[in-house]
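Visitor: The structure is given below, and queries will be raised subsequently.
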Amino acid sequence: MNFITVFNSNQSFQISIVKNLFDREKINYRIPDEFMDSAAGIGGLGINGMHVQVLEEDVMRAKVILKDAGFN
């Protein structure tokens with residue numbers, strides 16, 4: 001399974017919204033940086049933030065969902 005990054009942010013509330021959107025639409029996702037953020041606290045996100053990745057076959061659908069929700 002290939003996962004592709006479709007969104008990244010250093011704002012944890014934005015990550016939570018994206019997770020909620022993808023859960024609602026039943027899109028399989030992963031956030032490889034999520035545990036590092038929890039362990040490091042407020043400074044853990046750094047410049048790159050957290051990355052939301054979806055399966056390769058869901059990339060286009062995920063991008064449409066993000067665009068419709070105002071995440072460009």
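Read-outs throughout are calculated quantities, based only on the coordinates presented, and are distinct from any laboratory measurement. Predicted, not measured: the structure shown is a model, and the values here were computed from it. Neighbour counts run over all protein chains shown; Cβ positions are idealised from the backbone, glycine included.
Visitor: Within region 1-36, can you find the residues that are of a type in the set (Lys, Arg) and either in a helix (DSSP H, G or I) or more than 12 Å from Val52 (Cβ to Cβ) (or both)?
Guide: Let us first name the residues in region 1-36 that are of a type in the set (Lys, Arg), namely 19, 24, 26, 30.
Hits for region 1-36 are Lys19, Arg24, Lys26.
Visitor: Report, ordered by the first and then the second residue, all pairs with beta carbons closer than 7 Å, sequence separation of six or more or different chains, a first member in region 8-25 that is touching a residue at least 12 places away in the same chain (Cβ under 8 Å), and a second member that is surrounded by 15 or more Cβ atoms within 10 Å (Cβ to Cβ) and of a type in the set (D, E, K, R).
Guide: Every condition considered, the pairs that remain are Ser12/Asp37.
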